[in-house]
1. Each label point is 7 Å from the Cα along the Cα-to-Cβ direction; what then is the distance between the points at Asp74 and Arg206, in nm?
2. Please report, in cubic angstrom per residue, the volume enclosed by the convex hull of the alpha-carbon atoms of region 302-358.
3. Treating the beta-carbon of each Lys and Arg as +1 and of each Asp and Glu as -1, no other charges, what is the dipole magnitude of region 49-156 about its Cα centre, to the nearest 20 debye?
4. Ordered by packing density, taken as the mean number of other Cβ atoms within 10 Å over each peptide's residues, highest first, how do 322-330, 248-256, 302-310 rank?
5. Toward the positive end of the charge dipole of region 56-177, about the Cα centre and with charges on Cβ (Lys, Arg +1; Asp, Glu -1), which of Thr114, Ser147, Ala73 goes farthest?
6. Among Thr230, Asn256, Ser271, which residue has its Cα positioned farthest towards the positive end of the charge dipole of region 222-299, with +1 placed on the Cβ of Lys and Arg, -1 on the Cβ of Asp and Glu, and the dipole taken about the Cα centre?
7. Suppose each label sits 7 Å from its Cα in the direction of the beta carbon; what would the Glu255-Ser91 distance come out to in nanometres?
8. Counting Lys and Arg as +1 and Asp and Glu as -1, what is the net charge of the other residues whose Cβ lies under 15 Å from the Cβ of Thr160?
Amino acid sequence: MKLPAHDAAARQDPAQPPAAHHDPENTGYRVQLPRQTLGPLRQVIRRLLLALLVMVATVLIVYADRGGYHDNADGEVDFLDAVYYSTVTLSTTGYGDIVPYSDGARLSNVLLVTPLRVLFLIILVGTTLEVLTERTREQWRLTRWRSALRDHTVVVGFGTKGRSAVQTICATGLSKERVVVVDPSPKAIESAIGHGFAGVVGDATRSDVLLRAEIEKARQIIIATQRDDTAVLVTLTARQLNRAANIVAAVREEENAPLLRQSGADSVITSASAAGRLLGLSVLSPSAGTVMEDLIQQGSGLDIVERPVVKAEVGKSVRDTDDLVVSVLRGHRLLGYDDPEASPLKATDRLITIVRARPAAVR
């Protein structure tokens with residue numbers, strides 16, 4: 001197998017997660033579902049900052065009116081005393097060694113310090129309750145998600161190829177809730193979650209990572225890794241876990257395509273060769289290149305789609321159908337539109353047709 005050379009010092013194997021982003025439980029993977037709320041740690045930090053801000057505000061209020069307070073120890077209230085009084089007041093401890101005695105100090109306690117005390121307690125109690133319930137809530141979401149996930153699509157690699165593949169299948173009507181992205185890069189998974197997809201951070205060559213994506217229940221698997229050797233290992237692992245799924249893999253070098261098929265891929269796309277052929281076609285005929293680019297860009301202009309033969313078409317010739325048929329899939333044989341065996345059409349046939357793109361449904 002011919003693989004591109006890589007500088008080990010300049011590039012990191014995309015199959016391995018970055019060392020700085022290990023899972024906190026040291027499991028090697030992490031499942032993430034689309035969500036809008038902040039993570040528990042960021043929530044705690046934000047609430048602590050708010051509590052600190054309340055504390056500072058209380059200290060400034062007390063210190064600004066320090067002449068209206070009395071310290072039983074020495075009768076004077078300095079900055080340290082203001083900090084001490086704010087701390088015991090906000091925590092509702094109240095030792096009584098420093099007390100407001102002037103009307104102004106007592107009024108500021110009623111109108112300013114007391115609301116700040118209530119706000120401080122709300123912040124602390126809210127933080128505690130949210131931290132305690134966050135893991136339970138997230139575990140419940142994951143359990144419900146796993147139990148409901150069936151016949152979904154697993155996309156391994158969320159680079160340029162993976163994103164384009166997901167956009168294409170979603171343009172045909174596939175719900176985003178039925179797509180799971182697997183990638184070793186936390187940033188790539190964050191991008192996938194931002195697009196509304198569930199994500200699993202981890203090395204897809206490991207079976208435990210793919211199992212977290214419920215790959216054994218998937219209908220189709222798209223493998224769009226950055227390296228051909230990684231694609232081979234992922235294909236072998238995915239096929240071992242799911243014998244029935246349709247696996248489509250992308251490789252850079254055309255001579256690696258047979259190895260992908262031997263590993264269990266149903267279809268192999270050679271990205272470099274495909275791009276080169278499109279470039280050559282565009283040079284020979286820019287209009288033909290534009291049409292081909294339009295065909296592979298789902299959801300605009302013309303689309304190439306696969307559909308079953310409808311009852312009214314059974315027994316007819318390929319040329320008598322309403323759509324422009326380019327191929328007929330009969331069993332495991334792909335027949336061209338001009339193949340004598342393609343007509344008449346059978347009820348079990350499937351047609352590869354070119355149709356006018358329909359506007360995407362708003363979900």
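1. 6.0
2. So the per-residue Cα hull volume is 73 Å³.
3. Taking the Cα centre of region 49-156 as origin, the dipole is about 1060 debye.
4. The peptides rank, most packed first, as 248-256, 322-330, 302-310.
5. With unit charges placed on the Cβ atoms, the residue in question is Ser147.
6. Thr230
7. 7.2
8. After counting each charged neighbour, the total is +4.
No lab work stands behind these numbers, since they all come straight from the coordinates. These numbers come from a predicted model, not from an experiment. Every residue, glycine as well, gets a Cβ built from its backbone with ideal geometry; the counts of neighbours run over all protein chains shown.
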